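Take a look at the structure below.
Laboratory data are not the source of any read-out in this text; all were calculated from the coordinates shown. Treat the numbers as computed from the prediction; the structure is a model and nothing was measured. Neighbour counts are summed over all protein chains in view; Cβ atoms, including those assigned to glycine, are modelled from backbone coordinates with ideal geometry.
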Amino acid sequence: MKSRFLLIPAYALVMSAPVQATVYLSVEQAQALMFPGATFTPAFVTLSSDQMKAIEQASDVNVLSPNLKAWRVSSGGWFIADQVVGKHEFIPFALAIDANGTVKSVEILEYRETYGDQVRNPAWRAQFTGKTHDAPLKLNDDIKNLSGATLSSRHITDGVKRLLTTHALVLAHQHD
Amino acid sequence: MLSCLPINTIERARPLLGTTVTIRVQAADAALAHDAISAAFADIARVHTLMSFHEPDSDLTRLHSAPVGARVIVDAQTAHVLRAALALSALSDGVFDVTVAAQLVAWDLLPPPPGAIWPTPGAGWRDIHIDDDNGVRLGQPLWVDLGGIAKGYAVDCAIDRLRAHGIEHACVNAGGDLRTLGEGPHIIAIDTGETAPSHRPLLELGEAAVATSSGRAHVTDDHRASPHVHGLTRSSIGRHDCVTVVAPQCMHADALTKLVMARGAASVDLLEHFGAAAYCQDAHGNWSALGQSSLGAAA
């Protein structure tokens, strides 16, 4: 097992990179992966203030937007594209709910990590290419891996809880 | 020989194991890559369900709710991780101990498990008995928290699954505990939790696992509290340190970060035992290397 440890001086790494998002999946890709072969009928909902209050009370999670992007799935169940507020940024995610109203799967659609994105940014990386004193890093691969203190997924699990409540209180009572 | 097919990089992320797990795969066939990623996520979700400290149906919750001394059959995977944890406890004379959860609950860093009997003070890893048929008995009331080892195990399972699906180049990252597939070289940036670092640490790896632990992000007004606990003294460790371990298996890398935090240079034998190396940054920002590799600072 080979490994090489390098300390790159921070002055060689001026932090000028704008925050960039890593896009994992589009809404359409997430739909195809989470409900293979199904078709999707948009059933977008604007929640009333009473509904928002009821969802907040039942889930103990704040409802930030009255707009709910939900699709009815031909094979049964619902697909919802929503977002939560992370530490600094919005995190878009998709929730698949099966016909029984339970979570089928969750996929994060985009993610923004400040430090990780600085590392990913080509302009950021170009600044230290060849600047190390010993053998320079072979930067033929992007630095896409970050090892560090665990980031909590609490925001997303709270978002899932809020959408399950929204499903139970609003979507499950919708009729064609 | 170089393939003529274009190589797709496919990356997906799911909230699992209390963190965000990302899986990145490079493959010519995008559909095959997505199938492999979905299967790997399913394996991680299974570990999450079996070994969660809080899920009402987890093996650990069943163990914590059972009468003291009762034999609880756990899943073979849970038994495997418990055996690995107990082996690490034996090798470290109890510095690594999966029963320190009681201390974390006392510090309000962890909610108490649902419906569990409160642990007996002084209960520890020697009170966990596991037989050949995956039966587990607790000699005293205690709480097992596999948080310091199961995340790494889940990453290992995901890598095995990707490999079984024919994937040759990938990285699975569970909130900073990661493992690579393929010779790379893979470049890993280490997030030390420093606010204004003078240097940025990078690792260049072939196929290997990396885990980083730091108590820095958790430093609060409560000077006793830290997410990392010394198994023998039950006091907090690593409140101002950052430890990165490189090992063949992520389960070992994950667990060894805590041991290096607790024992420092005395953990060299353990690192060698698992073919691992550690990179440690102290409270003053100074780096040192332990184990297989030597420190190659660029500045």
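Is the shape of the stretch B:59-144 rounded, prolate or oblate, going by the alpha carbon gyration tensor and its root eigenvalues a ≥ b ≥ c, with a/c under 1.5 for rounded and a/b larger than b/c for prolate?
On the way: a/c = 1.66, a/b = 1.15, b/c = 1.44.
Oblate, since a/c reaches 1.5 and b/c is not below a/b.
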- prompt: Which pairs in the list B:LYS151/B:LYS258; A:LYS104/B:LYS151; A:LYS53/A:LYS161; A:LYS104/B:LYS258 are over 24 Å apart, alpha-carbon to alpha-carbon?
  reply: A:LYS104/B:LYS258
task: May I ask you to derive the relative contact order of the stretch B:91-249, considering only C-alpha pairs under 8 Å and at least 6 residues apart, and to give it as an integer percent?
output: 21
Once exposed loop trypsin sites (Lys or Arg not before Pro) are cut out (DSSP; at most 15 other Cβ, 10 Å), longest piece of chain B: B:72-223
- request: Starting from 0 in steps of 10 Å, tell me what percent of the Cα-Cα pairs of chain B lands in each bin.
  value: 6, 27, 34, 23, 8, 1, 0
- prompt: Whole-Hz Karplus ³J(HN,Hα) for the stretch B:138-152, in order, using 6.51 cos²θ - 1.76 cosθ + 1.60 and θ = phi - 60°, x for Gly and Pro?
  reply: 9, x, 9, x, 7, 10, 9, 10, 8, x, x, 8, 6, 5, x
message: I'd like the projected area of the stretch B:183-291, averaged over all directions, using the convex hull of its alpha carbons. Report it in nm² with one decimal.
response: 6.9
query: Karplus couplings for the stretch B:154-161 from phi (6.51 cos²θ - 1.76 cosθ + 1.60, θ = phi - 60°), rounded to Hz, Gly and Pro as x?
result: 4, 5, 4, 4, 5, 5, 4, 5
task: Amide H neighbours of A:LEU109 under 5 Å, at least 5 residues apart or on other chains, H built in the peptide plane: list them.
output: A:PHE93, A:ALA94
query: Roughly how many nanometres apart are two label points built 7 Å out from the Cα toward the Cβ at A:ASP50 and B:GLU272?
result: 7.4
field: Segment B:ALA90-B:THR49, length gained on full extension (0.36 nm per residue, minus Cα span)
entry: 12.1 nm
- request: Sum -39500 (n - 2.57) across every DSSP H segment of at least 4 residues in chain B, then divide by the residue count to get the 222 nm mean residue ellipticity, nearest 500.
  value: -9000 deg cm²/dmol
- line: Here FRET efficiency (C-beta to C-beta, B:ASN8 to B:HIS284, R₀ 51 Å, nearest 0.05) is 0.70
- prompt: Cα centroids of the stretch B:17-83 and the stretch A:28-51: how far apart, whole angstrom?
  reply: 28
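Using the Cα gyration tensor of the stretch B:105-210, with a ≥ b ≥ c the square roots of its eigenvalues, what is the shape: rounded (a/c below 1.5), prolate (a/b larger than b/c) or oblate (neither)? List each step's numbers first, then the result.
On the way: a/c = 3.26, a/b = 1.57, b/c = 2.08.
Oblate, since a/c reaches 1.5 and b/c is not below a/b.
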